[in-house]
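Notes follow the structure.
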Amino acid sequence: MEIRWLEDFMALARTRHFSRAAELQHVSQPTFSRRIKLLEESMGATLINRQTLPLSLTPAGERFFELCQRVTRDVRDVRAQIASMEAEVSARISVGSTQGLFSHFYQGWASEAGVAERLQLNLKATSWIGEQFLDALDNGECDLVLCYWHQDLPWCGRLSRGDYETITIASERLVPMSVVADNGEPRFPLPGAAGQSVPLIAYHSRGFLQSAIEAHLSRSKESVNLLPLNENTQSASIKALVKQGYGMGWLPGRMTEKSEQFGSLTRAGDERWDVPLEIRLIRLREPRSEDLLTLWKTLEDQHA
């Protein structure tokens, strides 16, 4: 049975005339009559008394008319609710976030800032790398980018051209981490010695974080002596390999808190090896909606 059959029946019940009901439903009378007949066959009862003028409903038809009113009303209400939900979702501002920030920062920050209901995460963004986030802003895949920031990003020149606006909303540090050896010390301590390099689980060279680590180490007067074993795009993947004892790696401080608390990981070196970062929001200088400008002003006021 189709909803339109119920609507046909209600039109007929109100007009008591096949031709007028067919006209209301924007179909020919033969088509309309055929649909009413199919409806009656589906219900296994005669719903229309065709022997009276005007037409009348049989007792079964009267009962069925009550059902039609309830069903069509419920369908109409649900359609309105769905439309409202879809409008609310489409009005949300799309955010592209790195996987690490999505897992360990985004939800707490958005709730604390009072903007969680106005934002919609683009989950595709967790697979993007580095400059792909700016590409996504340019082509409309997201309205905001939530990312780590440091002055040594290889694409800082692109950001300085004036096409983007940024807000610093928090600070972070990359902390060198290692599994704990039997003596309670890090198994892979920094710095490594000449001829005895420290195995490193590194970030992807095109990502936000590897360039920050390399720039920080280049400013050190002491050689760190690292032996990169592989590259990963996600902090979670690096953490997993570090916890399995394959080497040391730099992890965002927010990601290390529980691991340090329960003793599964420890610092591989003191604070001189910590890499300072900022957490920033980026948008196009010319935003696509007034809602985004309003949100941006709210966040600017919070971090002024």
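Taking loop as defined by DSSP and a crowding limit of 15 other beta carbons within 10 Å, which trypsin sites (Lys or Arg not before Pro) in segment 226-304 fit?
Listed in order of number, the matching sites are Arg285, Arg288.
Take the alpha carbon gyration tensor of segment 3-89, find the square roots of its eigenvalues, order them as a ≥ b ≥ c, and report rounded if a/c is under 1.5; if not, report prolate when a/b exceeds b/c, else oblate.
prolate
For segment 1-45, state which GluC sites (Glu not before Pro) are in a DSSP loop and have at most 14 other beta carbons lying within 10 Å of their beta carbon.
When the GluC sites (Glu not before Pro) of segment 1-45 are filtered for loop state and at most 14 Cβ neighbours within 10 Å, Glu2 remain.
Among (1) 1.48; (2) 0.96; (3) 1.65, which one is Cα Rg over 2.2 N^0.38 Å computed from these coordinates?
Recomputing Cα Rg over 2.2 N^0.38 Å here picks out (3).
Where the centre of each part is set by its Cα atoms, how far does segment 111-138 sit from segment 184-198, in angstrom?
With segment 111-138 and segment 184-198 each reduced to a Cα centre, they are spaced 37 Å.
On a C-alpha basis, how far is the centre of segment 39-80 from the centre of segment 254-304 in Å? Whole number, if you could?
60
Please check: in the Gaussian network model of the chain (C-alpha springs, under 10 Å), which one of Thr294, Thr168, Thr266 has the largest mean-square fluctuation.
Thr294
Taking amide hydrogens as modeled 1.01 Å from N in the peptide plane, which residues meet the under 5 Å criterion relative to Ala45, leaving out close sequence neighbours?
Long-range HN contacts for Ala45: none found.
Would you grab the residues whose amide H sits under 5 Å from the one on Ile93? Only those 5+ places off in sequence or on another chain, please, with H modelled 1.01 Å from N.
Long-range HN contacts for Ile93: Leu119, Gln120.
Which ³J(HN,Hα) values, rounded to whole Hz and listed in residue order, are derived for segment 229-234 from phi using the Karplus coefficients 6.51, -1.76 and 1.60 in 6.51 cos²θ - 1.76 cosθ + 1.60 with θ = phi - 60°, glycine and proline given as x?
So the J values, rounded to whole Hz, are 9, 6, 10, 9, 8, 10.
Whole-Hz ³J(HN,Hα) for each residue in segment 162-178, computed from phi via Karplus 6.51 cos²θ - 1.76 cosθ + 1.60 with θ = phi - 60°, x for glycine and proline: what do you get?
Residue by residue, segment 162-178 yields x, 8, 10, 10, 9, 10, 7, 10, 6, 10, 8, 9, 7, 10, x, 10, 8 Hz.
When a footprinting reagent is the concern and you count Cβ atoms within 10 Å, what order do Ile201, Ile82, Ile169 take, fewest first?
Ile82, Ile169, Ile201
Which cross-chain or sequence-distant (5 or more) residues have an amide H under 5 Å from the amide H of Phe188, H modelled 1.01 Å from N in plane?
Val179
Could you work out the relative contact order of the chain, using alpha carbon pairs under 8 angstrom and six or more residues apart, expressed as a whole percent?
20
Would you mind telling me which residue in Ser171, Ser28, Ser218 has the biggest mean-square fluctuation in a Gaussian network model of the chain, where springs connect alpha carbons within a distance under 10 angstrom?
The residue that fluctuates most here is Ser28.
Mind listing the phi-derived Karplus ³J(HN,Hα) values for segment 92-97, rounded to whole Hz, using 6.51, -1.76 and 1.60 with θ = phi - 60°, and x for any glycine or proline?
Using θ = phi - 60°, the values come out as 5, 8, 7, 10, x, 10 Hz.
Among the GluC sites (Glu not before Pro) within segment 154-224, which fall in a DSSP loop and have no more than 13 other Cβ atoms within 10 Å of their own Cβ?
Glu222
Quick check for you: which residues of segment 28-54 have the amide N under 17 Å from the point 7 Å beyond the Cα of Arg16 toward its beta carbon?
47-54
Taking Cα atoms, how many degrees apart are the long axis of helix 290-302 and the longest axis of the chain, rounded to 10 and kept between 0 and 90?
Around 40 degrees separate the two axes.
Would you mind calculating the gained length between Arg219 and Glu141 on full extension (0.36 nm times residue separation, minus the Cα-Cα distance), in nm to one decimal?
Residue separation times 0.36 nm, minus the Cα-Cα distance, leaves 24.4 nm.
Based on DSSP, what percent of beta bridges with both residues in the chain are antiparallel, to the nearest 5?
Of all bridge pairs located within the chain, approximately 65 percent are antiparallel.
For each of Met177, Met43, count neighbouring Cβ atoms within 10 Å of the residue's Cβ, then give the residues from fewest to most.
Listing Met177, Met43 from fewest to most nearby Cβ atoms yields Met43, Met177.
So what's the angle, to the nearest 10 degrees on a 0 to 90 scale, between helix 59-91 and the longest Cα principal axis of the chain?
Roughly 30 degrees between the two axes.
Springs between alpha-carbon atoms under 10 Å, Gaussian network over the chain: tell me which of Gly157, Gly192, Gly207 tops the mean-square fluctuations.
Per the Cα network of the chain with a 10 Å cutoff, Gly157 tops the list.
Each value in this text was obtained by applying a stated rule to the coordinates, not by laboratory testing. Keep in mind that this is a model prediction, so the values were computed, not measured. Neighbour counts are summed over all protein chains in view; Cβ atoms, including those assigned to glycine, are modelled from backbone coordinates with ideal geometry.
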